[in-house]
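Read the structure below first, then the notes.
The values are calculated or read from the model by the stated rules, or taken from the named source; none is laboratory data. Remember, predicted model here, so these are calculated numbers, not experimental data. Every residue, glycine as well, gets a Cβ built from its backbone with ideal geometry; the counts of neighbours run over all protein chains shown. Surface accessibility is based on the protein's heavy atoms, side chains included, excluding ligands, DNA and RNA. Shrake-Rupley method; radii C 1.70, N 1.55, O 1.52, S 1.80 Å.
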Amino acid sequence: KSLNSMFLWYRTSALTMVYLSDVPPSSKPGALARSAWNTRGWTLPEFLTPKVIRFYQSDWTPYLNDRSSNHKQSVAIMQELEDATGIDAQTLVAFRPGMINAREKLQWASTRVTTVEEDIAYSLFGIFGVQLPIMYGEKKQKALGRLLQEIIAESGDITVLDWVGTSS
């Protein structure tokens, strides 16, 4: 139940704080892009969903010494995330869940990693605005299959099955 609620928690939060444990103090631009945080499956909804987000280096100082109240308003930080993720900065700032551009959303997650294999699918539920049962132990392929089935059922878009490239 809590996994299906995570998207809503991030969306309605007053502030999402991201602690970058592997980004040292006084880091230069590019450290966020190289951070392990930027490769994890669950961080996709974590940075897309909130309206207000702040990134902190390992000593809890603001990333790039940007002391603004919302790093989604930082052109430099959003450009770095765009370059690292392939998600355009405007989408990063004004993301809306749903089935529009489903194939592109799946591509955003395709190179991300999760500790539990099913989480690669579960982390996308909120991004697509779907609520499906969480069934740990079903394996990644089955979880992704259920998600794809729901995307096609709701959107009618079978192009999500037209995949070329490597997956996570």
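For the stretch 88-108, a residue qualifies if it is part of a helix (DSSP H, G or I) and either open to solvent by 20 Å² or more (accessible area, probe 1.4 Å) or in contact with a Leu (Cβ under 6 Å, 6 or more places away or on another chain) (or both), and the qualifying residues are ALA89, GLN90, THR91, LEU92, VAL93, ARG103, GLU104, LEU106, GLN107, TRP108. Of all the residues in the stretch 54-87, those that are part of a helix (DSSP H, G or I), surrounded by 13 or more Cβ atoms within 10 Å (Cβ to Cβ) and of a type in the set (S, T, N, Q) number 3. Looking across the stretch 111-127, just one residue is within 14 Å of TRP9 (Cα to Cα) and aliphatic (A, V, I, L, M), and that is ILE127.
Starting from the stretch 137-157, keep only residues that are under 18 Å from THR114 (Cα atoms), then list their pairs with residues that are of a type outside the set (A, V, I, L, M, F, W, C) and open to solvent by 50 Å² or more (accessible area, probe 1.4 Å) whose Cβ atoms are within a distance under 6 Å, requiring at least 6 positions of separation or different chains. Listed pairs, sorted by first residue: LYS140/GLU117. Is it fair to say LEU8 is more than 20 Å from ARG112 (Cβ to Cβ) and modelled with pLDDT under 90? Yes: the conditions hold for LEU8.
The set of residues in the stretch 9-33 that are open to solvent by 40 Å² or more (accessible area, probe 1.4 Å) and without any contact (Cβ under 8 Å) to a residue 40 or more places away in the chain comprises TRP9, THR12, ALA14, LEU15, MET17, SER21, ASP22, PRO24, PRO25, SER26, LYS28.
Of everything in the stretch 34-53 that is β-branched (Val, Ile, Thr) and either on the phi > 0 side of the Ramachandran plot or open to solvent by 10 Å² or more (accessible area, probe 1.4 Å) (or both), the residue that is nearest to the chain's Cα centre (by Cα) is THR39.
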